[in-house]
Amino acid sequence: MERLSSRTRILIGVFMLFGIIILGVSGYMIIEGDNFLNALYMTVITISTVGFGEIHKLSQGGKIFTIFLIFSSFTTYAYALTTISTHFFEGQLNYILRGYGKKTFKKMQNHVIICGYGRNGQQVANELTVLRDQFIVIDQNHEVVAKNEEDNTPVIEGDATQDEVLLKANIQTARALVTTLPIDADNLYVVLTARALNPNLEIISRASNESSETKLRMAGVDNVVMPERVGGAHMANLITRPDVIEFMDHLSVHGEDPTTLEEFQCSALSDDNIKTIGEYAIRRKTGANIIGFKTPDGRFILNPTPDMKVFPGSKLFVLGTPDQIRGMKDILTSK
């Protein structure tokens, strides 16, 4: 029973309660010849053990049936009431007192909104936590919301396809939204709603098949991730190029290894002071390695040459220790 969801336990309790009531009413109507109201009254006072008097003296068969009804209702009645009361008084009352679903996170800005807290959503949250990025989780499952509130995870209970729910998550000042819902149609609705509320939002969506990927991109998704495709490619590479994959795993954006891979947005550069990568001499001065370059128009260049010019709005992908990367940033941001 512990593995059953709260909703399932409540449904089982309700069905068991109705079952014992139907049994009692039917028994009194058949054995004692009572009408429906009298049979219902006898059933309720019997299974609830309130001790009210009988409507009339019971026959031998009625007494035996009453004894059977009392014993059979002990577990059923207790389970049903315990399950229902636990959910509403410990769950819903706690929800109200602690304000689940009422937070709007008005002070949070430049954050990430995660829609859906399944396996993919949890992994996104874990990565953002390590990177110390602010995020808000939106999920419809009350148990997920309650558990994460207890863990101090910023979470909102609601349907992410609804405008008011995304507004509670302060979508207008968010920088990105990740939707990991299991159904592609739901992800599509989230994307359409989010794009209408914040046209400048970066949106990343999960997809299950290629046709959904096309529709999501048409709806305004910046990046589509298909977990099955990514996982399959990773497993194939582990067979054909295991050392390469292990080497790439060491190039993590976080972790215990002192060497990390980071990106740097060259937004502080001026048009009057454009230099090449060689002129900045980042490798010689700091020890950091520029292994990738993204031009302002979105083109990616791997292993750029020293004569590559660094323009305002371009992006550098740098491999180095935290100290080396800080030194590189100081060089690029100095006037």
Which peptide among 186-196, 128-138 comes first, and what is the full order, when sorted by highest mean count of other Cβ atoms within 10 Å?
186-196, 128-138
Ranked on Cβ counts within 10 Å of their own Cβ, fewest leading, C266, C115 go C266, C115
From the list (1) 6, 24, 31, 21, 10, 5, 3, 1, 0; (2) 5, 17, 19, 19, 13, 9, 7, 5, 4, 2, 0; (3) 6, 26, 36, 24, 7, 1, 0, can you say which value of P(r) over Cα pairs in 10 Å bins from 0, in percent was derived from the structure given?
(2)
How many nm is it between the label spots at F15 and L131, if each spot is 7 Å from the Cα in line with the beta carbon?
4.5
If you average the alpha carbon positions of segment 133-150 and of segment 177-225, how far apart do those two centres end up, in angstrom?
20
Between the residues N209, F135, I331, the Cα farthest towards the positive end of the dipole of the chain, that dipole coming from +1 and -1 charges on the beta-carbon of Lys, Arg, Asp and Glu, is from I331
Cα-Cα over 26 Å, subset of K275/K329; K168/K329; K285/K309; K285/K315; K168/K294; K215/K309:
K168/K329; K168/K294; K215/K309
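A short reminder: the numbers here are calculations on the coordinates, not readings from a lab. Remember, it's a predicted structure, so these values are computed and weren't measured experimentally. Because the Cβ atoms are built from the backbone with ideal geometry, glycine has one as well, and the counts that use them run over all protein chains shown.
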